[in-house]
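See below for the structure under consideration.
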Amino acid sequence: FPSHDKDMKFMKFKSLNLFIVLFFLCTFTSRASFLLLPMEAEGQQNHLKAYGITYWALDKSYKVSWLLNYRGGSFLLPDATEIRKECQIRGVTFEILSDASANSILDDISSPSQNMETVVLEKAPKIAVYTPKGKQPWDDAVTMVLTYAEIPYTEIYDEEVLSDQLLLYDWLHLHHEDFTGQYGKFFGNYRNMPWYIQQKADAEALAKKLGYNKVSEEKLAVAKKIRDFVIGGGFMFAMCSATDSFDIALSAEGVDICEPMFDGDDADANYQTKIDYSSTFAFKNYNLVRNPMVYEFSDIDTTEQHGKGAFTMDKDYFTLMEYSAKWDPIPTMLCQNHTQLVKGFMGQTTAFDAEKIKSNVLVMGECKINGEARYIHGTKGKGMFTFYGGHDPEDYQHRVGDAPTVLDLHPNSPGYRLILNNVLFPAARKKKLKT
């Protein structure tokens, strides 16, 4: 009997160990393995900071999946204590998923019957913002939303661009710049303002320092460096006047389009006939506005139609296009949102006349009432560009000197989401985008 008792105790001990092992195995396998950042209208309390969490995770070397068209373009991240904590600190809604739940979602997305796709984000892009040094009498939506979302960026300007420092970055935003050398066409209304006088003096001093006789010549050199950055594989995003003035500068190479108050000598006679539309990224067949008293570069822009009639603030909207997520992942990514209808907003360049857009450029956001595009995308060489009309997605008619938008009041802004779609876009796995 003593031997039998010992065997029984051993069997009980073995059974207990087996139970403990099975318990921990079951607990481990049922443990959450993923975090979902939902991005539909009601599911996310702070859409803008959700992009910041995604960027932060990529910067920490976590792999992230962008679930295109799934619940507003949600993000799937690995479950980690530090990610949960960061979401809680920043006020970002997240859901905890088991392996089984995550795999079920991914299987559903991969179904040919679903207009959804999974795109793997691999590496946090290095971001540069082309912006002048010092305080400006206006605010830039991109720098505001990057700061709000806590996405790091580096400010660069002409000296850095001309010394080939763009090679250090994956993504470039163009501040509301005038690449034509006409100082934003502010002459008519602001020529006697101290900020305008100082800005003009600073631009002339910088051009001289960099070895150029005119600001227009120096800005053209900058525009050409940016063009080469895109052709070489870079991603460029521009808003407001940095869109059309960039193309106009490229098309006017070798042509003086500046009146005497801008560069000290007469513009070329009949300069309109000398414009080379083949040099541009997005626009064609436009006519330049020669009058220096008019706050407009060309007839690309449709600002004049806004703020009146069918385009008062309460009626001004544009529609995002819908694409096949599996066949057109790039525009699908750039249009991810929790609504297809986005509030319009004005700027020096508010929107683009659809008839002035080249046929190989994709219109991703439009208002068909007056035939204008608000949000366009294209390729140039190995790189890509996106132009977004307007100044501030949450300030309908932002004027010089107005206070900056407080994004704490607009954490779910659809208009600002479009900017952040472009910021994350270069992180996508390139092989996936080519399929």
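The values are calculated or read from the model by the stated rules, or taken from the named source; none is laboratory data. Quantities reported herein were computed from a predicted structural model and do not represent experimental measurements. Note that each Cβ is placed from the backbone with ideal geometry, even for glycine, and that neighbours are counted across all protein chains shown. Side chains are part of the model used for accessible areas, which takes the heavy atoms of the whole protein and leaves out ligands, DNA and RNA. Shrake-Rupley method; radii C 1.70, N 1.55, O 1.52, S 1.80 Å.
When residue 159 is evaluated against the numbered criteria (1) surrounded by fewer than 20 Cβ atoms within 10 Å (Cβ to Cβ); (2) closer than 25 Å to residue 217 by Cβ; (3) touching a Gly at 6+ places or on another chain (Cβ under 8 Å), which criterion, by number, is the only one it fails?
(3)
Between a residue in region 105-132 that is in contact (Cβ under 8 Å) with a residue 24 or more places away in the chain and any residue that is open to solvent by less than 10 Å² (accessible area, probe 1.4 Å) and of a type in the set (Phe, Trp, Tyr), which pairs come within a Cβ distance under 6 Å, given they are 6 or more apart or on different chains?
That search, which allows pairs on different chains as well, returns 119/66; 121/66; 125/171; 127/171.
Give the residue, chosen from 267, 249, 282, that is buried (at least 16 other Cβ atoms within 10 Å of the Cβ), under 25 Å from the mean Cα position of the chain (by Cα) and over 26 Å from residue 133 (Cβ atoms).
282
Can you name every residue in region 133-160 that is free of Cβ contacts under 8 Å to residues at least 24 places away in the same chain and among the β-branched types (Val, Ile, Thr)?
The one that is free of Cβ contacts under 8 Å to residues at least 24 places away in the same chain and among the β-branched types (Val, Ile, Thr): 147.
Would region 228-241 turn up any residue that is in a helix (DSSP H, G or I), touching a strand residue (DSSP E or B) at 6+ places or on another chain (Cβ under 7 Å) and of a type outside the set (Phe, Trp, Tyr)?
Our first condition is that a residue be in a helix (DSSP H, G or I); within region 228-241, this holds for 228-231, 241.
With touching a strand residue (DSSP E or B) at 6+ places or on another chain (Cβ under 7 Å) added as a condition, the list becomes 229-231.
Those left that are additionally of a type outside the set (Phe, Trp, Tyr): 230-231.
Yes - at least one qualifying residue is present in region 228-241.
Take the residues in region 162-195 that are among the aliphatic types (A, V, I, L, M) and in contact with a strand residue (DSSP E or B) (Cβ under 7 Å, 6 or more places away or on another chain), then tell me which one is surrounded by the fewest Cβ atoms within 10 Å (Cβ to Cβ). It would help to see each step written out before you state the result.
Of the residues in region 162-195, the ones among the aliphatic types (A, V, I, L, M) are 162, 166-168, 172, 174, 193.
Now narrow it down to the ones that are in contact with a strand residue (DSSP E or B) (Cβ under 7 Å, 6 or more places away or on another chain): 166, 172, 174.
On the way: 166: 21, 172: 24, 174: 27.
The extreme case among them is 166.
So residue 310 clears everything in (1) open to solvent by less than 40 Å² (accessible area, probe 1.4 Å); (2) at pLDDT below 95 except one condition, right? Which one?
Looking at each condition in turn, residue 310 falls short on (1).
So residue 260 ticks every box in (1) open to solvent by 30 Å² or more (accessible area, probe 1.4 Å); (2) touching a residue at least 60 places away in the same chain (Cβ under 8 Å); (3) of a type outside the set (Asp, Glu) but one. Which box is left unticked?
(2)
Got a sec? Which of 378, 383 is closer than 30 Å to residue 118 by Cβ, surrounded by fewer than 22 Cβ atoms within 10 Å (Cβ to Cβ), touching a helix residue (DSSP H, G or I) at 6+ places or on another chain (Cβ under 7 Å) and among the small types (Gly, Ala, Ser)? Before you say what the answer is, go through the steps one by one.
Details: 378 fails: touching a helix residue (DSSP H, G or I) at 6+ places or on another chain (Cβ under 7 Å).
Of the residues listed, the single one that is closer than 30 Å to residue 118 by Cβ, surrounded by fewer than 22 Cβ atoms within 10 Å (Cβ to Cβ), touching a helix residue (DSSP H, G or I) at 6+ places or on another chain (Cβ under 7 Å) and among the small types (Gly, Ala, Ser) is 383.
Can you name every residue in region 64-106 that is touching a Pro at 6+ places or on another chain (Cβ under 7 Å) and open to solvent by 20 Å² or more (accessible area, probe 1.4 Å)?
71, 93, 95
When you go through (1) open to solvent by less than 30 Å² (accessible area, probe 1.4 Å); (2) closer than 30 Å to residue 91 by Cβ; (3) more than 15 Å from the chain's Cα centre (by Cα) one by one for residue 367, which number turns out not to apply?
Among (1) open to solvent by less than 30 Å² (accessible area, probe 1.4 Å); (2) closer than 30 Å to residue 91 by Cβ; (3) more than 15 Å from the chain's Cα centre (by Cα), the lone unmet condition for residue 367 is (2).
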